[in-house]
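Report on the following structure.
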Amino acid sequence: GRSVACRAAAVKKKGVKVVHGKEIPWNLFSPKAPYKGKVVKNVEQPHTLTEQTGDANWETCHVTFDHGGKVPYLEGQSIGVIAPGPDKKGEQPAKIRLYSIASSAVGDNESSKTVSLCVKRVVELDGSYANREVGEDTPDKAGTGFPENKVYRGVCSNHICDMSPGDDVLITGPTGAEMLLPEDPEANIIMLATGTGIAPMRSYLRLLFHDKAGAEGGLKAKVSGLIGKEAKRKFKGLAWLFMGVPYSKSLLYDDEHKVYKEKYPDNFRYDYAVSREEKNAEGQKMYIQTKMAEYRDELWEMMQSEKTHVYMCGLKGMESGMAECFGPIAEKNGKDWAEFAKAMKKADRYHVEVY
């Protein structure tokens with residue numbers, strides 16, 4: 001009976017969850033008792049990541065909060081943000097909104113005291129629902145306003161995108177165990193992101209290719225540092241990113257991807273699908289699955305290995321895109337894509353977070 005009692009005790013430990021035998025931070029702060037953090041200036045990225053495209057919802061922001069080390073998290077987790085509201089249902093404060101964390105565990109300044117989010121500002125014009133009548137909308141922090149229209153502004157996304165350093169922010173979490181990275185340094189990581197679905201992918205890439213936390217320690221590293229060589233990374237596999245956005249002006253973190261590619265060409269690849277600007281050879285719009293189809297055989301081959309993980313984050317339709325891309329090649333190899341994906345999920349090699 002003793003081991004059962006011990007196990008029960010382990011479950012009750014507040015603020016952690018055991019996932020694959022490892023304790024991870026979990027719901028340290030709840031909607032009723034959130035952590036009050038402060039917005040800080042980001043050291044790595046501008047507040048507005050995108051450029052004007054002519055669409056009302058053109059803006060995506062990178063916003064950083066100081067959590068004083070009280071909200072530890074792992075790459076792939078999420079936090080909640082509570083906006084003052086009122087939200088769509090009239091609730092004040094608004095109901096929490098979850099956001100995938102866009103920074104690695106140590107944060108963008110590697111102090112382990114900050115967390116960054118990648119948030120698209122939701123603005124809809126003349127739709128079925130509005131929270132600004134004609135004449136009521138005023139310019140936001142980026143200077144975008146639509147006084148001539150009936151406007152719906154997403155309550156939490158606008159709250160976050162309008163923030164400035166020094167502002168207070170109410171944080172819950174961390175939460176999420178679906179998108180955690182494998183422990184194996186030899187793993188291959190195929191990442192599929194649409195829009196702000198890039199957030200968890202950025203957290204992985206910072207750890208794998210940027211942070212001191214992901215560099216090889218010990219004497220070897222010191223020697224390469226002294227002779228000015230690029231520090232070797234703990235990660236020895238291949239990380240391959242596919243990112244889908246509507247316009248090239250909507251690309252996110254492209255500057256960072258270029259640096260990783262230049263420094264670690266054997267371990268990092270990236271391909272972009274810009275749907276409103278590019279077409280493939282058959283004249284189809286370049287969605288993420290259209291771009292992946294160009295490398296179908298290579299990707300299929302990679303997915304046969306138990307070392308390969310697929311991470312998918314972004315809009316709901318992404319999974320059907322996978323079936324479209326890999327259905328035919330699976331069949332050619334005597335397999336059914338749906339069954340294959342299910343088996344990958346069961347082996348914890350297929351990770352999906354869509355909203």
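Placing R0 at 41 angstrom, the Cβ-Cβ distance between E148 and S248 gives a FRET efficiency of 0.90 after rounding to 0.05. One chain, two ends: Q304 and A177. Fully extended at 0.36 nm per residue, the span grows by 43.4 nm beyond their Cα-Cα distance. Amide H to amide H, with H built 1.01 Å from N, N188 comes under 5 Å of L238, T308, H309, counting only residues 5 or more places away or on other chains. Take every DSSP beta bridge whose two residues both sit in the chain; close to 60 percent of them are antiparallel. Can you bin region 242-325 into rounded, prolate or oblate? Criterion: square roots of the alpha carbon gyration tensor eigenvalues sorted a ≥ b ≥ c, rounded for a/c under 1.5, prolate for a/b above b/c, oblate for the rest. It is oblate, given that a/c is not under 1.5 and a/b is not larger than b/c.
Taking a Cβ cut-off of under 12 Å around M302, the surrounding Lys, Arg, Asp and Glu residues balance to a net charge of 0, with basic ones at +1 and acidic ones at -1.
Here the label points at K236 and E319, each 7 Å from Cα along the C-beta direction, are separated by 3.5 nm in the simple model. Between K17 and I24, W26, the built amide H atoms are under 5 Å apart, and every one of these is 5 or more places off in sequence or on another chain.
Other residues whose C-beta falls under 10 angstrom from the C-beta of W240 contribute a net charge of -1, scoring Lys and Arg +1 and Asp and Glu -1. Of the solvent-accessible surface of the chain, computed with a 1.4 Å probe over protein heavy atoms with every protein chain present, carbon and sulfur atoms account for 53 percent.
For D297 and E216, what does the FRET efficiency come to when R0 = 30 Å and r is the distance between their Cβ atoms, rounded to the nearest 0.05?
That gives a FRET efficiency of 0.35.
Can you bin region 22-80 into rounded, prolate or oblate? Criterion: square roots of the alpha carbon gyration tensor eigenvalues sorted a ≥ b ≥ c, rounded for a/c under 1.5, prolate for a/b above b/c, oblate for the rest. Here region 22-80 falls in the prolate category. Amide H to amide H, with H built 1.01 Å from N, E75 comes under 5 Å of A105, counting only residues 5 or more places away or on other chains.
By the gyration tensor of its Cα atoms, with a ≥ b ≥ c the square roots of the eigenvalues, what is the shape of the chain: rounded for a/c under 1.5, prolate for a/b over b/c, or oblate?
rounded
Taken per residue, the accessible surface of region 262-355 reaches 57 Å², heavy atoms only and a 1.4 Å probe. The separation of region 33-97 from region 163-199, counted between C-alpha centres, amounts to 13 Å.
Summed over the residues of region 1-144 and divided among them, the accessible surface reaches 55 Å² per residue at a probe radius of 1.4 Å.
Given their separation in residues at 0.36 nm each and the Cα-Cα distance between them, Q284 and K95 gain 64.1 nm when the chain is fully extended.
With the contact rule set at Cα under 8 Å and sequence spacing of 6 or more, what percent relative contact order holds for the chain?
Values: 721 pairs, mean separation 55.9, N = 355.
Taking the mean separation of contacting Cα pairs over the length of the chain, I get 16 percent.
Estimated from the Cβ-Cβ distance and a Förster radius of 35 angstrom, the FRET efficiency linking E277 and A33 is about 0.15.
Of the residues I24, S305, G317, the one whose Cα sits farthest towards the positive end of the charge dipole of the chain is I24 (charges of +1 on Lys and Arg Cβ, -1 on Asp and Glu Cβ, taken about the Cα centre). Computed over neighbours whose Cβ is under 13 Å from that of A330, the net charge equals -2, Lys and Arg +1, Asp and Glu -1.
Extension gain for D126 to V16 (0.36 nm times residue separation, less C-alpha to C-alpha distance): 35.2 nm. Note on exposure: D211, D266, D66 ranked by accessible area (1.4 Å probe, complete protein assembly) read D266, D66, D211, with the most exposed listed first.
The values are calculated or read from the model by the stated rules, or taken from the named source; none is laboratory data. Small disclaimer: the values here were computed from a predicted structure and weren't measured. When we count neighbours, we look across all protein chains shown, and the Cβ atoms used for this are built from the backbone with ideal geometry, even at glycine. Accessible surface is based on the protein model in full, side chains and every heavy atom, while ligands, DNA and RNA are left aside. Shrake-Rupley method; radii C 1.70, N 1.55, O 1.52, S 1.80 Å.
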